[in-house]
Amino acid sequence: MHLLAAALYAGLAVHLWRTRWRGPALDQPAGGLTLAERGLLLVALAAHAVSLRMAIFDGETMRFGFAIALSVMLWLAIALYWIESFYARMDGLQVLGLPAAAVAALLPALFSEAHVLTNAGSPAFRLHFLMAMLAYSLFTLAALHALLMATAEKNLHRGRISPFLAGLPPLLTMEKLLFRLIHVAFVLLTFTLVSGVFFSETLFGKALTFNHKTVFAILSWLIFAALLAGRHLRGWRGRVALRWTLAGFAALLLAYVGSRFVLEVILGR
């Protein structure tokens, strides 16, 4: 299933490159995904979901590591993109998202040694886990969105637009969508941190354990809180907002994916 999902993502990315972003088709850009392309992407998402189900759940146990975390984040981000594409043209995200999703679909197979989670049967833990993954995925989508906006803004200042950016909405529309994603993701991240405090207290008898993951998660929350405060109080936008978005995402990525990568790949634990 890992190979099938990766092949479908990669095949769709190649197809879109050949039909949207090069040659005569650029003279008259197509309007969003066709019904067949949406269907193919949905099949890729389904195959990816099945592969993740097999990688995470093994009988009564639940496994999770940096490779599965990245794969889940990209799967949810592409799924959210698929839904959002019904309401707004986000063609440029395909350029970044589909190749990244193809690689992410293969990661659990390449790095199969994953951490076995304790208390996986607890409803509270599963709710905490779901909120965390949704927050990570929304911030992943926001980071890809911010990269697209930064590229589009740079092209506009230079007086030219790259072919794959031609189908994007205006920058103001993209900025509104970016902050909508960040607002929802920030609420989910807040609930994740709060539920993590209570869950940690149940497991270890203390409210909060200040380890690598906790410090970077709190740092990410503070960065996004400052970004949203700056947006509402001082009208932050443009490059300032994009830099804060990418900084917050980098801290969030280090919170779990970075720490698990060090433990699993570098230290071999």
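Every read-out reported here was derived from the displayed coordinates using simple, explicitly stated rules and does not represent laboratory data. From a predicted model like this one, the values you see are computed outputs, not experimental measurements. Heads up, the Cβs are rebuilt from the backbone with ideal geometry, glycines too, and the neighbour counts pull from every protein chain shown.
For ASN211 and LEU130 in the same chain, what is the full-extension length gain: residue separation times 0.36 nm, less their Cα-Cα distance, in nm?
27.0 nm
For PHE191 and LEU171, calculate 0.36 nm times their separation in residues minus their Cα-Cα distance, and state this gained length in nm to one decimal.
4.2 nm
For MET62, list long-range residues whose amide hydrogen, built 1.01 Å from N in the peptide plane, is under 5 Å from its own amide hydrogen.
Result for MET62 returns LEU117.
Within segment 230-244, what residues put their amide N at less than 11 Å from the label point 7 Å along the Cα-to-Cβ vector of HIS157?
It comes to 239-240, nothing else.
Could you work out how far apart the two model spin labels at VAL43 and PHE86 are, taking each label as a point 7 Å from the Cα in the direction of the beta carbon, and quote it in nm?
Once both label points are built, they end up 2.1 nm from each other.
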